[in-house]
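Participant: Structure provided below as structure tokens; questions to follow.
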Amino acid sequence: MPYKSANVRRMHARDRYRTKAIERKKAAKKAAESFPRVPDDPVQQVKLIREWSRELKTPAGHPRVGLPMELPDYACAFLERALTVPESGLIIARKNAKSTILAIFCLAYLIGPMKAPNWRGSIVSLSLHKTRELLTLANQIIIANELPLRIKKTPYPGQILNDRSGAILECLSADKHSGHSGGYDLCCVDEGGLMDADKHRELLAGLHSSLSAREGRLIHITIRGDCELIEELIKRSIETPKTTYVKVYDAPEECAIQDADAWAAANPGIQCGIKSEQYMRDRAVQVANSPDDELLFRAHDLNQRVNPGKQVLCSVSEWQRLEVDELPAREGPCYAGVDLADTDSMACFAVYWPATGRLEIKGAFPLVPDLKTRGKRDKCGVAYLTMQTEGSLILTGERVTDASNFLAMCFEDLSGSDLIALGADRYRKQDLPNVLAEVPYTPDVVWRGTGASAVADGSHDVRAFRRAVLSEQIKVLPLAMWRTALRYAVIKYPDGQNPKLSKSLRRGRIDAMQASVIAVGLGALEPAQERRTPGFYMVGGQ
């Protein structure tokens, strides 16, 4: 075959280039025609997504295999509002189709009615393993419905791509650097309620920044947990509803674990057949017989504001058994515990009568800032105002709690009672004597170490308090001060075996529990046991 001349080669290359250009134009035109026209109304957008979800079949390995994967009503109601704001959150108990909602919503942008050229999204979860589970669920949906999408497993945990439109969904772990290099139209955060605020605050800041160029949206779907980031999200939804929307499905804090109405409040999926009511019934019976599992049940299935990974001083159900409408009489000797305030924080005074189990509590704050502002700062809402209304919280001092006046009022209220001793943290040896010097009463002070060791008073007091709770040797009024402290009071084991009282959040108020543990611990000491020599005696006074 004769060698082609230069002119023939040029003509052949020109024709080939023109042919490919025509093919690209045709492909681009066809691809543009394949992108649906997305309505501006979020309600109509969600309607399209829901209709499309009815066409999807549930993949194998799931209880509803072969049935349509229709979005439930509560998911649609949430998405209708979520598409109107830059940031939103669905806070709901486990096994209410959170992962399925995320998967369908993201797939709708990749290949469904919301698809757009070069769309980019991301899903962020607690760990690579959890993120891989979300990717596996999406992969199962893709295979079961033969969707023209490609799964890319590297970099781990992987990506989902639409090669035709250029859309991509990335799966990221909750690393502080995740998202910094990306630009997204949509970011979905899974289980943010279980994140650590100190470790993951930078992660969320990076995700917000990654949405700025495309005016994207950030969506949280999680249980509540006790993460400050979720509480801040809820607070923003109240203060700035035009930019943040949050829907919370949770059970009342004081509910019983057998309360069916509480189950329904936290699990809208029960009515839709997504979550089994029989499971809730059986699990409640199991938890009633295994008190150590109650915290997990309240966190995962009742979606209450607790941390399932920490051991609490006392569970809600255990404390509810101690609450009475009327306290028993002030009979026999009593023991007091005090937790002095640090500058402008709360001071608490607890008194315990071992003979009757009566336990009283009083707290004090300075006048400035006011209780509403303080509650907002401490992220406890109107709890302080409720305490003041109930009479358990007083205001004394301008900007610093007047501890002397507060203790004088507490001792005056105990007039006629046989106060054996006042227990206090030994680290306040420099402060308490000066405070009591201005009080016209003469209590015997017993210094208590609140740490954890084989000889620490704190370990003894915590164990004594736990024994008194479990044997119901304590009787209290149903006060907000108790319940607020109960939420944050946790037990830690620094040396692996001896417990100490601590708090789950930096601004958590456990002062009431700290004072009560000291008081009950003193009351539990055997009368014949030699007590520690009081740090000082006050002579004179009343």
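Participant: How do 153, 98 rank when sorted from fewest to most other Cβ atoms within 10 Å of their own Cβ?
Facilitator: 153, 98
Participant: Pull out a ≥ b ≥ c, the square roots of the eigenvalues of the alpha-carbon gyration tensor of the stretch 260-309, then state rounded if a/c is under 1.5, prolate if not and a/b is larger than b/c, and oblate in the remaining case. If you can, show how the numbers build up before the last one.
Facilitator: Values: a/c = 2.43, a/b = 1.41, b/c = 1.72.
Oblate shape, in that a/c is at least 1.5 and b/c is the bigger or equal ratio.
Participant: Taking neighbour Cβ counts within 10 Å as the exposure measure, how do 130, 47 sort from fewest upward? If you can, show how the numbers build up before the last one.
Facilitator: Working: 130 19, 47 15.
In increasing order of surrounding Cβ atoms, one gets 47, 130.
Participant: Roughly how big is the chain's charge dipole about its Cα centre, with Cβ charges of +1 (Lys, Arg) and -1 (Asp, Glu), in debye to the nearest 20?
Facilitator: With only Lys, Arg, Asp and Glu charged at Cβ, the dipole is about 4420 debye.
Participant: Also, quick follow-up: Place a label point 7 angstrom from the Cα of residue 431 along the Cα-to-Cβ direction, then list the residues of the stretch 386-419 whose backbone nitrogen is under 13 Å away.
Facilitator: 400-404
Participant: Give me 360, 472, 70 sorted ascending by neighbouring Cβ count inside 10 Å, so fewest comes first. Before the final figure, lay out the partial values.
Facilitator: On the way: 360 22, 472 11, 70 18.
Placing the least packed residue first, the sequence is 472, 70, 360.
Participant: How much length is gained on full extension from residue 475 to residue 240, taking 0.36 nm per residue of separation minus their Cα-Cα distance? Walk me through the numbers on the way to the answer.
Facilitator: Values: separation 235, 0.36 × 235 = 84.60 nm, distance 4.21 nm.
Stretched out fully, the residue 475 to residue 240 stretch lengthens by 80.4 nm.
Participant: Now for a different question. Once semi-axes √(5λ) of the Cα gyration tensor in Å is worked out from the coordinates, which option in [x] 59, 28, 25; [y] 46, 35, 22; [z] 61, 24, 20 does it equal?
Facilitator: The value matching this structure is [z].
Participant: OK, next. Label points 7 Å out from Cα along the Cβ direction at residue 154 and residue 7: separation in nm?
Facilitator: So the two model labels end up 5.1 nm from each other.
Participant: Of all trypsin sites (Lys or Arg not before Pro) in the stretch 234-297, which ones are in loop regions per DSSP and have a Cβ with at most 16 other Cβ atoms within 10 Å?
Facilitator: When the trypsin sites (Lys or Arg not before Pro) of the stretch 234-297 are filtered for loop state and at most 16 Cβ neighbours within 10 Å, 242 remain.
Participant: Over the alpha-carbon set of the stretch 287-426, divide Rg by the Kirkwood Rh and report the Rg/Rh ratio to two decimals.
Facilitator: Values: Rg = 17.5 Å, Rh = 17.3 Å.
On the Cα set of the stretch 287-426, Rg over Rh gives 1.01.
Participant: Shifting gears a bit: Per-residue ellipticity at 222 nm for the chain, helices alone: DSSP H runs ≥ 4 residues times -39500 (n - 2.57), over residue total, nearest 500 deg cm²/dmol?
Facilitator: -12000 deg cm²/dmol
Participant: Still on this structure, I have one more. Among the DSSP beta bridges whose two residues both lie in the chain, what percent are antiparallel, rounded to the nearest 5?
Facilitator: 40 percent
Participant: Sticking with this structure for a sec: Sticking with the crude label model, points 7 Å out along Cα→Cβ, report the distance from residue 146 to residue 379 in nm, one decimal please.
Facilitator: Here the modelled spin labels are 5.0 nm apart.
A short reminder: the numbers here are calculations on the coordinates, not readings from a lab. Predicted model only: the values in this text are computed from it and were never measured. Positions of Cβ are generated from backbone atoms using ideal geometry, with glycine treated the same way; all protein chains shown enter the neighbour counts.
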